[in-house]
Amino acid sequence: MAASQLQNPLKTPSSQLSIKKHKPCFLKPRRLTVSAAHPHLNGRKLRVAVIGGGPAGSSAAEALASGGIETFLFERSPSTAKPCGGAIPLCMVDEFSIPHHLIDRHVTKMKIISPSNLTVDFGSKSLRAHESIPMLRREVLDAFLRTRAESAGAQLIPSLVTHLEIPASSLSPYIIHHTVNNSRKTLAVDVIVGADGANSKVAKFIKAGNYTCAIAFQERIRLPDEKMEYYQNLAEMYVGNDVSPDFYAWVFPKCDHVAVGTGTVCGKQDIKMYQRGIKQRVKNKIKGGKVIKVEAHPIPEHPRPVRVRGRVALVGDAAGYVTKCSGEGIYFAAKSGRMCGEGIVRASEGGEWMISEDDLKREYLMEWDKKYVSTFRFLDLLQRVFYGSNEAREALVEVRGSEYVQRMTFDSYLYKKLAKGDRWEDLKMVFGTFGSLMRCKIVGRDMAAFNLQLFHE
């Protein structure tokens, strides 16, 4: 099929769309030298399909459509959402213009509870007066971002993508096979953005390689009013072998209920046992509650070996952009989608020119890695140090008791910038961490010996 014969399901021709009048402030176009290998698309705009309508896909589609690209957003289940704790960094509210009415709770207090039930209040003193951790429901956020992408000019296609035909040449289109209301259809596009989650079909079609996945499991529980009042602006994190062998469990407040859940990589077959563990730890706090929804979903543990191949780019969970240690993914999904969309707009000069794999790597992948690869590596190190045993988890909670550690943590998390610390305080933090690890390992051995003695008695 020739490029000029690409199907266009838009009812309104691209030339008549009002979105071409708008240039959002987040786009930073720069002039490129276009070679003969990048032909001008006479009479039409670059056509891009975004597969997956979560934060990554919707943010990509919005950036693309706002930049003049003919954009199609595929989402198989617009009414559903991925199971998620729902916390976002404070900077995301302004950066992505998230309306405040979408936010269920503004968490200003956190508790982190160790295996021995040592509890550290996290944030009550270290958060500034204007700071909080926004909590929202994914179904609410995802619907809003999709609607905004449509308003920018993207066409939403509620459809299940079943197959991709990979082109034989650098100028031929990708053919997307999909089903709408049990009817099989095809669409030809120039570029594809895969934003279809941890089990990405797009990644499989381009042979992007596998990665290790964790599983997240949570129950939404509606509590009696007096119980819900306790979680008004409080979130809790629990660590221990009883709730997860390599991650943490949580109780996060929502609009009229709490999300109680856990996650694991190495113990996926026992996820329900760990869920029972966290419910046992919080049984008095959720007593009388009613489970209104049960959710489970895979979560990537590291970036895929390949994130760009041909004229296909992966973003969000499909690319593996979930941080170790914290399990954060919403912000990085939306950010990667936006950066990818902006990169395509720049490389194609507003949709006027065809782009290549090298363009995607330069304008999206290299920019992403330069900005965030060190963050992912650092959090991977923290996970390996602090989540491997109950002794290390005791040290983690003990270290979090430092107001300086809390302030540095919040500065980095809330604003997604490397916090600038005090050298002397940093040195004390390093020595304090080593001290906590050594002390907790000794305590752990003593506790194990004590338990063994009780068993024999």
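Ordered by packing density, taken as the mean number of other Cβ atoms within 10 Å over each peptide's residues, highest first, how do 386-396, 52-62, 87-97 rank? Mind showing how you got there, number by number?
Details: 386-396: 20.9, 52-62: 31.5, 87-97: 17.1.
Ranked by mean Cβ neighbours within 10 Å, highest first: 52-62, 386-396, 87-97.
Can you check what the net charge comes to around Arg184, using other residues whose Cβ is under 15 Å from the Cβ of Arg184 (Lys, Arg +1; Asp, Glu -1)?
On the way: positive: Arg76, Lys185; negative: Glu165.
Value of the local net charge: +1.
Distance between Cα centroids, the stretch 274-328 to the stretch 72-105: provide it in whole Å.
So the separation of the two Cα centres works out to 15 Å.
If you roll a 1.4 angstrom probe over the protein chains with everything in place, what fraction of the accessible area of the stretch 38-174 belongs to carbon and sulfur, to the nearest %? Display every interim value, and only then the final one.
Working: 2620 of 5050 Å².
Taking all protein chains in place, the stretch 38-174 shows 52 percent carbon and sulfur surface.
So for the stretch 331-420, averaging the separation of alpha carbon pairs under 8 Å that are six or more residues apart and normalising by length, what relative contact order in percent results? Provide the component values of the computation, followed by the final result.
On the way: 41 pairs, mean separation 13.5, N = 90.
Relative contact order here is 15 percent.
Counting just the Cα atoms, what span does the stretch 183-328 cover along each of its three principal axes? Round to the nearest Å and put the largest first.
Extents along the principal axes: 56, 35, 28 Å.
Given a Förster distance of 51 Å, report the FRET efficiency between Ser389 and Asp358 from their Cβ-Cβ distance, rounded to the nearest 0.05. If you can, show how the numbers build up before the last one.
On the way: r = 45 Å, r/R0 = 0.89.
The computed FRET efficiency comes out at 0.65.
With +1 on the Cβ of every Lys and Arg and -1 on the Cβ of every Asp and Glu, and nothing else charged, how large is the dipole of the stretch 172-232 about its Cα centre, in debye rounded to the nearest 20? Display every interim value, and only then the final one.
Working: 8 positive and 6 negative charges, 97 e Å.
In total the dipole reaches around 460 debye.
At 0.36 nm per residue, minus the direct Cα-Cα distance, what do Cys266 and Arg128 gain on full extension? Give it in nm, one decimal, please. Spell out each step's value before the answer.
Working: separation 138, 0.36 × 138 = 49.68 nm, distance 3.73 nm.
Going from the current span to full extension adds 46.0 nm.
Just reorder Thr147, Thr262, Thr375 by solvent-accessible area, largest first, 1.4 Å probe, all chains present. Mind dumping the intermediate values first?
Details: Thr147 75, Thr262 0, Thr375 55 Å².
If we order Thr147, Thr262, Thr375 from most to least accessible, we get Thr147, Thr375, Thr262.
Among the trypsin sites (Lys or Arg not before Pro) in the stretch 67-141, which ones are in a DSSP loop with at most 14 other Cβ atoms within 10 Å of the Cβ? Mind listing them?
Values: sites: Arg76, Arg105, Lys109, Lys111, Lys125, Arg128, Arg137, Arg138; in loops: Arg76, Lys125, Arg128, Arg137.
Hits after loop and neighbour filter: Lys125, Arg128.
For the pair Thr186/His106, report the inter-label distance in nm, with labels modelled 7 Å from Cα in the Cβ direction.
Simple spin-label model gives 5.4 nm for this pair.
Which value does Rg/Rh take for the stretch 47-377 over its C-alpha atoms, Rh per Kirkwood?
0.99
Output the relative contact order of the stretch 85-189, whole-number percent, from Cα pairs under 8 angstrom with separation of 6+ residues. Show your work: numbers first, answer last.
On the way: 122 pairs, mean separation 20.8, N = 105.
With pairs under 8 Å counted, the relative contact order is 20 percent.
For a label point 7 angstrom out from the Cα of Asp380 toward its Cβ, which stretches of the stretch 183-221 have the backbone nitrogen within less than 12 Å?
212
Just to make sure I understand: if all protein chains stay in place, what is the order of Glu301, Glu398 by accessible area at 1.4 Å, largest first?
Details: Glu301 25, Glu398 65 Å².
Descending accessible area places them as Glu398, Glu301.
Accessible area, 1.4 Å probe, largest first: how do Phe205, Phe410 sort? Could you put the intermediate results ahead of the total?
Working: Phe205 55, Phe410 5 Å².
Descending accessible area places them as Phe205, Phe410.
At a Förster radius of 35 Å, what calculated FRET efficiency corresponds to the Cβ-Cβ distance of Asp94 and Asn210, to the nearest 0.05? All intermediate terms of the calculation are to be shown ahead of the outcome.
Numbers: r = 36 Å, r/R0 = 1.04.
About 0.45, to the nearest 0.05.
The values are calculated or read from the model by the stated rules, or taken from the named source; none is laboratory data. Given the structure is predicted, the values throughout are model-derived calculations rather than measurements. Using ideal geometry, Cβ is built from the backbone for each residue, glycine included, and neighbour counts are taken over all protein chains shown. Accessible surface areas use protein heavy atoms only, side chains included; no ligands, DNA or RNA. Shrake-Rupley method; radii C 1.70, N 1.55, O 1.52, S 1.80 Å.
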